[in-house]
1. Can you name the residue in segment 257-292 that is part of a helix (DSSP H, G or I) and surrounded by fewer than 17 Cβ atoms within 10 Å (Cβ to Cβ) and, of all such residues, is nearest to the chain's Cα centre (by Cα)?
2. Within segment 53-67, take every residue that is in contact with a helix residue (DSSP H, G or I) (Cβ under 9 Å, 6 or more places away or on another chain) and not in a helix (DSSP H, G or I) and give me the one that is farthest from residue 111 (Cα to Cα).
3. Output the residue which, of all residues in segment 115-125 that are within 22 Å of the chain's Cα centre (by Cα) and surrounded by 12 or more Cβ atoms within 10 Å (Cβ to Cβ), is nearest to residue 144 (Cα to Cα).
4. Scan segment 315-356 for residues that are without any contact (Cβ under 8 Å) to a residue 40 or more places away in the chain, assigned to a helix (DSSP H, G or I) and surrounded by 15 or more Cβ atoms within 10 Å (Cβ to Cβ) and jot them down.
5. Quick check on my filter: what residues within segment 76-106 are in a strand (DSSP E or B) and closer than 18 Å to residue 170 by Cβ?
6. Given the condition loosely packed, with under 15 Cβ neighbours inside 10 Å, in the same structural domain as residue 170 (by TED's automatic domain parsing), at pLDDT below 90 and over 23 Å from residue 232 (Cα atoms), answer yes or no: does some residue in segment 63-79 qualify?
7. Quick one: is residue 159 modelled with pLDDT of 90 or more, touching a helix residue (DSSP H, G or I) at 6+ places or on another chain (Cβ under 7 Å) and either in a loop (DSSP other than H, G, I, E, B) or over 21 Å from residue 230 (Cβ atoms) (or both)?
8. List every residue pair whose Cβ atoms lie under 9 Å apart, where the two residues are 6 or more positions apart in sequence or sit on different chains, the first residue falls within segment 357-368 and is surrounded by 10 or more Cβ atoms within 10 Å (Cβ to Cβ), and the second residue, located anywhere, is modelled with pLDDT under 75 and in a helix (DSSP H, G or I).
């Protein structure tokens, strides 16, 4: 298993822990993953909901909570810490600015194409920062568009690219029909992306890692996607059922007690399909039942809170606290594979063992 190099960062184990919101991946999980040699990621979306009185000062709560979680993570690890920020949130600029002020190692940007340098940062500061930028997309076409735009307008390119496939959990960058009948596998998208950005590797004289996620749960999954051309993987679902994950035990047991048939798709108020573990709340919203929405602050740009069926932010946060009567958990397609709560170290050891087994199988096949 080769290390993952992103610019001058050397990640010993090429695993990036997925940034899972709201309040799923905070400093506890991120620091534990970083201590094992991967990249620990804090999810910034609506992170202020973890603070008392956030309803009155949502924007300020998000900034202070993100800053506090980054600092808490730094106290627990000397490893690589990242922040995942959705472009779809209305305070994207603020969250990005806080991340850069706190000098996080990596910023992952999803839920939109990052084509414009925020005015709150400025081009000069953007180019000087040591923080690595990794856009998250679901197609080679989107990756190529970002690299072309950055190269032509800013004379620079992202430090890496993250591909999220159709088997991931949470909000997804695919149409519902595409998720029910995927036309391209993750490995195919990875190969297309590697090919699409190779021109920029030659132009800028450096490697551009392609990192793949969505349905990557075992060391075998990891081995297969790396052999398809990925330099590293994103794993979110696998780390939910760890002791260090920043959610209630009920949330973790919801994964452990789920079956394959429990993993389902819903239509989110933000206009995207979402993959969740079904429960009574999910069944009710699928049947069209209206859940009262009292919006403290419009957190997502695409959400019309006066018309939506339910508040996805509240539903997700409630679940992290163990309140599944008023919420649900996002999850990847392989969440049902979780059998028990383990430590992050045990999880890393298991993944590496599974990876090595696949590598040994391949080597033996060559000798046969």
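The values are calculated or read from the model by the stated rules, or taken from the named source; none is laboratory data. Computed from a predicted model, the values in this text were never measured in an experiment. Virtual Cβ from ideal backbone geometry, glycine too; neighbours counted across all protein chains shown.
1. Initially, segment 257-292 is screened for residues part of a helix (DSSP H, G or I), giving 260-262, 280-286.
Applying the additional criterion that residues be surrounded by fewer than 17 Cβ atoms within 10 Å (Cβ to Cβ) yields 260-261, 280, 283-284, 286.
On the way: 260: 22, 261: 23, 280: 26, 283: 25, 284: 27, 286: 25 Å.
Going through the qualifying residues, I end up with 260.
2. Quick first cut of segment 53-67, residues in contact with a helix residue (DSSP H, G or I) (Cβ under 9 Å, 6 or more places away or on another chain) only: 53-55, 57-67.
Filter again for not in a helix (DSSP H, G or I), leaving 53-55, 57.
Numbers: 53: 27, 54: 23, 55: 24, 57: 24 Å.
Result: 53.
3. Taking segment 115-125 first, the residues within 22 Å of the chain's Cα centre (by Cα) are 115-118.
Right, trim to surrounded by 12 or more Cβ atoms within 10 Å (Cβ to Cβ) and you get 115, 117-118.
Working: 115: 12, 117: 18, 118: 21 Å.
Across segment 115-125, the extreme among qualifying residues is 115.
4. Once the filter is applied, which keeps residues that are without any contact (Cβ under 8 Å) to a residue 40 or more places away in the chain, assigned to a helix (DSSP H, G or I) and surrounded by 15 or more Cβ atoms within 10 Å (Cβ to Cβ), segment 315-356 yields 315, 318.
5. So in segment 76-106, the residues in a strand (DSSP E or B) come out as 80-86, 89, 106.
Listed by number, the residues that qualify are 82, 83, 84, 85, 86, 89.
6. Going through segment 63-79, the residues loosely packed, with under 15 Cβ neighbours inside 10 Å turn out to be 71, 75, 78.
Retained after the next criterion (residues that are in the same structural domain as residue 170 (by TED's automatic domain parsing)): 71, 75, 78.
Right, trim to at pLDDT below 90 and you get none.
No: zero hits.
7. Numbers: modelled with pLDDT of 90 or more: yes; touching a helix residue (DSSP H, G or I) at 6+ places or on another chain (Cβ under 7 Å): no; either in a loop (DSSP other than H, G, I, E, B) or over 21 Å from residue 230 (Cβ atoms) (or both): yes.
It is false that residue 159 is modelled with pLDDT of 90 or more, touching a helix residue (DSSP H, G or I) at 6+ places or on another chain (Cβ under 7 Å) and either in a loop (DSSP other than H, G, I, E, B) or over 21 Å from residue 230 (Cβ atoms) (or both).
8. Taking only residues 6 or more apart or on different chains, not a single pair turns up.
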